[in-house]
Amino acid sequence: MVNPFAETASFAKAQARCAADGAHLLITETLAEADALWDHIEAEVPGDPHTNDDTGYYRVGVARASVNAMWIDVLGRPFEPPAWGPGQPDDGPSNSECLLLGEGGEHWDWNCDADQEFACECE
């Protein structure tokens, strides 16, 4: 089950919010799954899903310790995004070691401390 939130939070706060509900941040393992989950999230969030940004991205449960480190999901497993957004990963703003899910199932690296919409899932 996937539960998207229109509220925003940092990676740590979003993961804590999910854990409080017995879930974890969303993990997308295939492009088909990422695309389908994007469509589901967009359909479930009431009103304008792009509350704090113009393009609509959702925080997912994947991060890495440093620019050259391996991506690891919140369950402790190595993770390779099924699709990157154009020019990604760009290792952009400082602390951009967390992933976002964008339209079309594309993944983007982003600042872990920035507030962002997020989605939780339970197994």
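The values are calculated or read from the model by the stated rules, or taken from the named source; none is laboratory data. Just so we're clear, the structure is a prediction, and the values are computed from it rather than from any experiment. All Cβ positions, even for glycine, are placed from backbone atoms using ideal geometry, and neighbour counts span all protein chains on display. These area figures cover heavy atoms from the full protein model, side chains too; ligands, DNA and RNA do not enter into them. Shrake-Rupley method; radii C 1.70, N 1.55, O 1.52, S 1.80 Å.
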Just the residues that are closer than 24 Å to ALA43 by Cα and open to solvent by 20 Å² or more (accessible area, probe 1.4 Å), please, taken from the range 84-113.
TRP84, GLU103, GLY104, GLU106, TRP108, TRP110
Hey, can you tell me all the residues within the range 109-123 that are within 14 Å of GLU33 (Cα to Cα) and without any contact (Cβ under 8 Å) to a residue 60 or more places away in the chain?
none
Restricting to the range 14-33, name every residue that is in contact (Cβ under 8 Å) with a residue 12 or more places away in the chain and either open to solvent by 60 Å² or more (accessible area, probe 1.4 Å) or of a type outside the set (A, V, I, L, M, F, W, C) (or both).
GLN15, ARG17, ASP21, GLY22, HIS24, THR28, GLU29, THR30, LEU31, ALA32, GLU33
Taking the range 34-47, which residues are open to solvent by less than 40 Å² (accessible area, probe 1.4 Å) and either in contact with a helix residue (DSSP H, G or I) (Cβ under 7 Å, 6 or more places away or on another chain) or modelled with pLDDT of 85 or more (or both)?
ALA34, TRP38
